[in-house]
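Written out below as structure tokens is the structure these notes cover.
None of the figures in this text is laboratory data; all of them are computed from the coordinates on show. Since the model is a prediction, treat every value here as computed from it, not as a measurement. With ideal geometry, Cβ positions are generated from the backbone for all residues, glycine too; neighbour counts draw on all protein chains shown.
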Amino acid sequence: MGGNGQPGQSSRLWRVLYFTRSAAAEHSVVQRKGARLSLSETVLTELGRKAGFEVECTKDGRVFDGDLDRYDVIAFYTSGDLTAQASDGSPPMSPRGKQRLLAAIAGGKGFVGFHSAADTFHSPGKRDENQAEVDPYIAMLGGEALVHGPEQEAALFLTTRKFPGISLLGMAESISFTDHWYTFKNFQRDLHVLVVQETRYMQGAAYRRPDFPCTWVRRHGEGRVFYTSLGHSEEIWTNPFFQAIILGGLAWAAGRAEADVRPNIEEVTPHAWQLKAG
């Protein structure tokens, strides 16, 4: 993707490390059958082939003790404490590997998180409260998953038309998807929110709270971080609107596209830190 945010414009091949280790519940879109790649791995690899980047897929946490300079972007669809054992037997990330990951991002590496990447490395303290001190990974990501209610269709408000990928969605003020929707806590105040979760018509006690960010970007040191809560279901990964959003996020994180990402969370979701209805 070139500087104008359109896919396939750059001649230099760049590389994405796609890490899908599940130390907690494993989502079906990252579940492999034998040696075959999962659905999300297959979709992301094919998108990369068309858009001009390579995707290396792994569940092996030891990769973070290796050469991270090989990658332009590190993408996560993970869950739980990645330094702990997982039921699938995949090798865990070492504590040093976690430190190296965070240092690489602060040093200029791009990071992209899908769905349960926010349900990874939880902060200490009560689950239903915001914390004064959060896990360093959560601080990098910009928010922490709290809970989700029943799968349902929900409207998402677009705060901008100028971010790459979102610029391809047309002039609609909102879009809707059917998915499992996380709620969040521990938002960083420097988030540039791209998509807002509108809670008014959602079903379930988890959503009895003010609107909150569900797709955002932020700068972490010299690095670029993009996260979207979308991606639970197979239908989402094959949806062209979702694919446009993540291609834009990947390109921006890799430094292949530019956008105004000044913090706007207090403007577009001023009550995001309120975890329950007042």
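Remarks
- Here the dipole of the chain is about 380 debye; that uses its Cα centre as origin and unit charges on the Cβ of Lys and Arg (positive) and Asp and Glu (negative).
- Rg over Rh [alpha-carbon atoms, Kirkwood Rh] for segment 102-215: 0.97
- DSSP-assigned coil residues among GluC sites (Glu not before Pro) in segment 113-195, each with at most 11 further Cβ atoms within 10 Å: 133, 173
- For segment 11-89, the relative contact order is 53 percent, taking Cα pairs closer than 8 Å that sit 6 or more residues apart in sequence and dividing their mean separation by the residue count.
- Neighbour cut-off at most 13 other Cβ (10 Å), DSSP loop, chymotrypsin sites (Phe, Trp or Tyr not before Pro), segment 164-219: 201
- Here's the picture: charge each Lys and Arg Cβ at +1 and each Asp and Glu Cβ at -1 in the chain, and of 71, 20, 216 the one pushed furthest to the positive end of that dipole is 71.
- This model, with +1 at the C-beta of Lys and Arg and -1 at the C-beta of Asp and Glu, gives segment 225-278 a dipole about its Cα centre of some 100 debye.
- Dipole magnitude of segment 13-105, debye to nearest 20 (Cβ charges: Lys/Arg +1, Asp/Glu -1, about Cα centre): 100
- Think of segment 14-268 as a dipole: +1 on every Lys or Arg Cβ, -1 on every Asp or Glu Cβ, centred on the Cα centre; then among 227, 52, 159, 52 lies furthest on the positive end.
- Least to most buried among 214, 57 (fewest other Cβ within 10 Å first): 57, 214
- The Rg/Rh ratio for segment 14-268, using Cα coordinates for both the radius of gyration and the Kirkwood hydrodynamic radius, is 0.93.
- FRET efficiency for the pair residue 103 and residue 274, taken as 1/(1 + (r/R0)^6) with r the Cβ-Cβ distance and R0 = 30 Å, rounds to 0.35.
- All other residues whose Cβ lies under 11 angstrom from that of residue 261 are scored, Lys and Arg at +1 and Asp and Glu at -1, for a net of +2.
- Tensor-based shape of segment 36-137 (alpha-carbon gyration tensor, a/c under 1.5 rounded, otherwise prolate or oblate): prolate
- Surrounding net charge for residue 208, when Lys and Arg each add one and Asp and Glu each subtract one, Cβ distance under 11 Å: +3
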